[in-house]
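So the structure is just underneath, and the comments pick up after that.
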Amino acid sequence: AQSVTQLDSHVSVSEGTPVLLRCNYSSSYSPSLFWYVQHPNKGLQLLLKYTSAATLVKGINGFEAEFKKSETSFHLTKPSAHMSDAAEYFCVVSDWGTGGFKTIFGAGTRLFVKA
Amino acid sequence: GAVVSQHPSWVICKSGTSVKIECRSLDFQATTMFWYRQFPKQSLMLMATSNEGSKATYEQGVEKDKFLINHASLTLSTLTVTSAHPEDSSFYICSYRDSSYNEQFFGPGTRLTVL
């Protein structure tokens with residue numbers, strides 16, 4: 001069965017410093033992995049996705065993530081945080097399981113950016 | 001990417017009334033759509049999978065008689081919350097999975113408040 005664990009419920013960084021949001025997953029087959037961002041009272045926006053191509057995935061707004069199968073991780077990073085990055089971030093795994101195609105959301109990590 | 005719309009974007013209703021939420025795929029035909037619910041400060045939880053022309057599949061713990069799903073066409077799926085109560089107040093989000101791109105496209109969400 002698939003599962004997603006976001007290791008931090010919230011992360012606080014200063015503007016201009018690096019961002020690291022951690023995500024571990026479990027999947028029986030070959031999963032697709034995604035990071036979505038959700039600003040307050042807004043819908044979901046796709047940041048990036050991994051679908052068995054290059055393990056280092058570049059997304060929008062300077063974000064990137066690296067798929068590490070040996071560590072079952074898909075951490076999200078950004079070299080320099082901006083105030084507008086403050087939001088909720090969700091790590092998501094999609095895969096085929098015994099119950100059919102499933103998409104599982106992590107619990108979310110709230111990113112705070114200090115001026 | 002594909003465009004998914006939801007209507008209404010927000011709704012306030014009295015306890016005991018029913019509310020219908022529409023989810024439309026604007027530029028593709030969606031054979032399968034997903035309905036999610038997100039409580040404040042929580043992640044998205046899959047409620048049900050809506051299949052065009054057949055009965056929806058509900059996740060464990062989701063009352064099928066309370067959350068009626070109709071997917072009568074390839075471009076429209078509806079979620080009706082029957083006899084709504086304050087505990088049904090939540091953010092409801094629909095999604096379509098595009099197997100060609102192995103990605104899900106999310107609607108902007110509908111915020112339901114039951115007084």
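Yes/no per residue for (1) of a type in the set (A, V, I, L, M); (2) within 29 Å of residue A:7 (Cβ to Cβ); (3) touching a Cys at 6+ places or on another chain (Cβ under 8 Å):
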| position | (1), (2), (3) |
| --- | --- |
| B:27 | no, no, no |
| B:49 | no, yes, no |
| B:72 | yes, no, no |
| B:86 | no, no, no |
| B:92 | no, yes, no |
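Give the residues of the range B:74-89 that are part of a strand (DSSP E or B) and either over 15 Å from the mean Cα position of the chain (by Cα) or at pLDDT 95 or above (or both), sorted by residue number.
Correct list: B:79, B:80, B:81.
Could you tell me which of the residues B:93, B:69 is more than 25 Å from residue A:40 (Cα to Cα), part of a strand (DSSP E or B) and among the hydrophobic types (A, V, I, L, M, F, W, C)?
Details: B:93 fails: more than 25 Å from residue A:40 (Cα to Cα).
From the options B:93, B:69, the qualifying one is B:69.
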Quick one: in the range A:64-115, which of the residues that are in contact (Cβ under 8 Å) with a residue 40 or more places away in the chain and exposed (fewer than 13 other Cβ atoms within 10 Å of the Cβ) is nearest to residue A:26 (Cα to Cα)? A:71
For the range A:59-91, give me each residue that is in contact with a Lys or Arg (Cβ under 9 Å, 6 or more places away or on another chain), of a type in the set (A, V, I, L, M, F, W, C) and in a strand (DSSP E or B). A:65, A:74, A:76, A:87, A:91
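Looking at B:77, B:73, B:15, B:5 in this structure, which one is within 26 Å of residue A:49 (Cβ to Cβ), more than 14 Å from every other protein chain (Cβ to nearest Cβ) and of a type in the set (Gly, Ala, Ser)? Outline the logic, then answer.
Details: B:73 fails: within 26 Å of residue A:49 (Cβ to Cβ); B:15 fails: within 26 Å of residue A:49 (Cβ to Cβ); B:5 fails: more than 14 Å from every other protein chain (Cβ to nearest Cβ).
B:77 is the lone residue from the list that is within 26 Å of residue A:49 (Cβ to Cβ), more than 14 Å from every other protein chain (Cβ to nearest Cβ) and of a type in the set (Gly, Ala, Ser).
In this structure, is residue B:49 more than 18 Å from residue A:103 (Cβ to Cβ) and either more than 14 Å from chain A (Cβ to nearest Cβ) or not in a loop (DSSP other than H, G, I, E, B) (or both)?
Working: more than 18 Å from residue A:103 (Cβ to Cβ): no; either more than 14 Å from chain A (Cβ to nearest Cβ) or not in a loop (DSSP other than H, G, I, E, B) (or both): yes.
In short, no.
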Does the range A:23-38 contain at least one residue that is among the β-branched types (Val, Ile, Thr) and part of a loop (DSSP other than H, G, I, E, B)? no
Of those in the range A:1-22 that are in a strand (DSSP E or B), more than 10 Å from every other protein chain (Cβ to nearest Cβ) and β-branched (Val, Ile, Thr), the residue nearest to residue B:7 (Cα to Cα) is A:5
Step by step: first the residues of the range A:9-33, then only those that are under 12 Å from the mean Cα position of the chain (by Cα) and at pLDDT below 95, then the one that is farthest from residue B:96 (Cα to Cα). Which residue is that? A:25
Name the residue, out of B:34, B:28, B:39, B:67, that is of a type in the set (Phe, Trp, Tyr) and buried (at least 21 other Cβ atoms within 10 Å of the Cβ). B:34
Regarding residue B:112, is this residue in contact with a helix residue (DSSP H, G or I) (Cβ under 8 Å, 6 or more places away or on another chain) and either surrounded by 17 or more Cβ atoms within 10 Å (Cβ to Cβ) or more than 30 Å from residue A:7 (Cβ to Cβ) (or both)? yes
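Give the range A:21-58 a look and list any residue that's under 14 Å from residue A:111 (Cβ atoms) and surrounded by 13 or more Cβ atoms within 10 Å (Cβ to Cβ), or say none. Give the steps one after another, and end with the answer.
To start, the set of residues in the range A:21-58 that are under 14 Å from residue A:111 (Cβ atoms) comprises A:21-23, A:35-40, A:45, A:47.
Of everything in the range A:21-58, those that are under 14 Å from residue A:111 (Cβ atoms) and surrounded by 13 or more Cβ atoms within 10 Å (Cβ to Cβ) turn out to be A:21, A:22, A:23, A:35, A:36, A:37, A:38, A:39, A:45, A:47.
Within the range B:56-66, track down each residue that is more than 18 Å from residue A:105 (Cα to Cα), within 14 Å of another protein chain (Cβ to nearest Cβ) and either in a loop (DSSP other than H, G, I, E, B) or in contact with a Gly (Cβ under 6 Å, 6 or more places away or on another chain) (or both).
Taking the range B:56-66 as the starting set, the residues that turn out to be more than 18 Å from residue A:105 (Cα to Cα) are B:56-57, B:63-66.
Okay, now just the ones that are also within 14 Å of another protein chain (Cβ to nearest Cβ), so B:56-57.
Within the range B:56-66, B:56 is the sole residue that qualifies.
The values are calculated or read from the model by the stated rules, or taken from the named source; none is laboratory data. Remember, it's a predicted structure, so these values are computed and weren't measured experimentally. Virtual Cβ from ideal backbone geometry, glycine too; neighbours counted across all protein chains shown.
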